[in-house]
Amino acid sequence: MSKKPILISSRYKPAAGGHAPGDLRDAFIAAVEDLRSWRPGMPEPVAEVREQPVPLSVLCGLLWNCTDCLPGIDGSEVWAFVKRYGDGYEAGRRASSSYGRAARALKLIFEGQRQAA
């Protein structure tokens, strides 16, 4: 069974960035909330986007250049996670950020987990 492209009817182009669709941002937040219980060696969080399960690392790729502001509480959660598991990546950064900046930091962590496995 092949999966249909996630952004098939969207004007949003991840490579160009800018304002991302709300359902992508909402799915990213849902996956970020699942990071509270995540530990190394566990599968990465998965969220549903347009009736498809999408791993957090894929969401990170889709939001890589997104300039929308990440809500403060979620940004704080991302940067606490990055500080814990990111080997110093952007450890000195403020908690507030864009979805794109948070996505880049998280994607590096999950790519590192895959390489370590």
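Rule-based calculations on the coordinates, nothing more; no lab input. These numbers were taken from a predicted model, which means no experiment stands behind them. Quick reminder, even Gly has a Cβ in these numbers, built from the backbone with ideal geometry, and neighbours come from all protein chains shown.
Table for the structure above
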item	result
Charge dipole magnitude, Cβ of K and R +1, D and E -1 - the stretch 24-92, Cα centre, debye nearest 20	180
Extension gain from Arg11 to Cys69, taking 0.36 nm per residue of separation minus the Cα-Cα distance	18.9 nm
Under-5 Å amide H pairs with Leu63, H placed in peptide plane, nonlocal only	none
